[in-house]
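Enquirer: Once you've had a glance at the structure underneath, I'll fire off some questions.
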Amino acid sequence: MLVGGLLAFAVGSSAFVLVDNVAVARFGQGVAAAAFSPAAGALVARLTPDSARGRAFGRYGA
C-alpha cells in the first residue's frame, strides 16, 4: 500500500501539467496521500525504538 500510494501520488503530481483543472490533480494527490499515510505511520512505529518513538512521530507529523 505504501509503494502504491507513493506511485499514485507521483502520478497525481505529474498530472498538474496534463490537466486544465488543478482541483482534479489535487484530488488525485489527496486520495493517494490517504492511501500511504497510515502505512508510513506504521513504518515509523515499527522501525523506531520505544525511547525515540515520540520524537519520531513529532517529526513525522511536522
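Throughout, read-outs are computed from the coordinates displayed, never taken from laboratory work. Note that the structure is predicted; figures quoted are calculated from it, not measured. Every residue, glycine among them, receives a Cβ derived from its backbone with ideal geometry; neighbour counts consider all protein chains shown.
Enquirer: Highest mean first, how do 35-43, 20-28 rank when packing is the count of other Cβ atoms within 10 Å averaged over residues?
Expert: The peptides rank, most packed first, as 35-43, 20-28.
Enquirer: Could you tell me the relative contact order of the chain? Use alpha-carbon pairs under 8 Å, at least six residues apart, and round to a whole percent.
Expert: RCO, the chain: 35 percent.
Enquirer: Right, another one. Round to the nearest 0.05 the FRET efficiency obtained for S14 and L47 when R0 = 25 Å and r is the Cβ-Cβ distance.
Expert: 0.30
Enquirer: Length gain on complete extension for the stretch A56 to V24, per 0.36 nm per residue less the alpha carbon to alpha carbon distance?
Expert: Between A56 and V24, full extension yields 8.3 nm more.
Enquirer: Over all directions, average the projected area of the Cα convex hull of the chain and note it in nm².
Expert: For the Cα atoms of the chain, the hull's average projected area reads 4.5 nm².
Enquirer: What are the membrane-span-like helices in the chain by this rule: whole DSSP H runs, Cα extent along the axis at least 30 Å, mean Kyte-Doolittle hydropathy at least -0.5?
Expert: 22-47
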